[in-house]
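Engineer: Got a structure for you, questions after.
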Amino acid sequence: MKKIVSILAVAGLAMGAQAGIWDETTNGGGDAGDLAGTAQMTSGTGGLTGITGNNAASDVDLYIIKIVDPGAFRATVLSGPDSQLWLFNLNGGGIVHNDDSTSLFSQFRGVDVFTTGSTTGMTVASQLVAGECYILGYSRYNRDALNGANTAMFAGSPFNGIHGLIAGSGPLASWTGTTSAGGAYSIELVGADYCIPTPGTAALLGLGGLLAARRRR
């Protein structure tokens, strides 16, 4: 279970989800990307309680969400194939990864304690800032995140571990591992919201021109 995707869908900025569930196609306009600069921005009202999507072969789907309550935060795969979950900052820096938490489904929570990586012994919440936007990634087993040196960003075992970033690892640059088509999946979110882009967030993601165009409409 190793995969990540990032896509900054322009359609997602223009089309907000109203029911708490963000859908990769209906709301995002198509396949979510697999790198920080192409992650699909979620936009809507009323709080973000879940994400649904569809995983193609060797696909990784990345979504930009806001974490409003680090202590209560939880991301849980509810349905789909053997999965992996990832969390990055907006620069693609790694924060947390889990392969198998509940059976073959993935989960991490703010209260979880890192079992590997440079943050071993700390809680996931200690690495998060309330009100900040982050990149949540979904992949099938065996699709894993690599940094610019083409090395793994997170440990791969134990499968049920809550993995922190390997010390010295750079930000997300690519993915490795081949998977078959995964099909539909759903992720439940607690303590999260849509990421309404601020000027700072827009600049970080290269959205300044797009937001200016939207304001002129």
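Computed from the coordinates by the stated procedures, all read-outs in this text should not be read as laboratory data. This is a predicted model, so every value here is computed, not measured. FYI the Cβ positions are ideal-geometry reconstructions off the backbone, even for glycines, and counts take in every protein chain you see.
Engineer: Which of 96, 60 has the fewest other C-beta atoms within 10 Å, and how do the rest follow up to the most? Can you show the working numbers first?
Structural biologist: Details: 96 25, 60 30.
Going from sparsest to densest Cβ surroundings: 96, 60.
Engineer: Next question. I need 196, 67, 135 ordered by Cβ neighbour count within 10 Å, fewest first. Can you show the working numbers first?
Structural biologist: Values: 196 15, 67 25, 135 29.
Placing the least packed residue first, the sequence is 196, 67, 135.
Engineer: Still on this model: Could I have the simple spin-label model distance between residue 174 and residue 188, label points 7 Å from Cα toward Cβ, reported in nm to one decimal?
Structural biologist: 3.8
Engineer: Mind sorting 116, 26 by how few other Cβ atoms lie within 10 Å of their own Cβ, fewest first? Working shown, then result.
Structural biologist: Numbers: 116 18, 26 12.
Ascending number of Cβ neighbours within 10 Å: 26, 116.
Engineer: Separation between the residue 38 and residue 56 pseudo-spin-labels, each 7 Å from Cα along Cα→Cβ, expressed in nm?
Structural biologist: Label at residue 38, label at residue 56, 0.9 nm between them.
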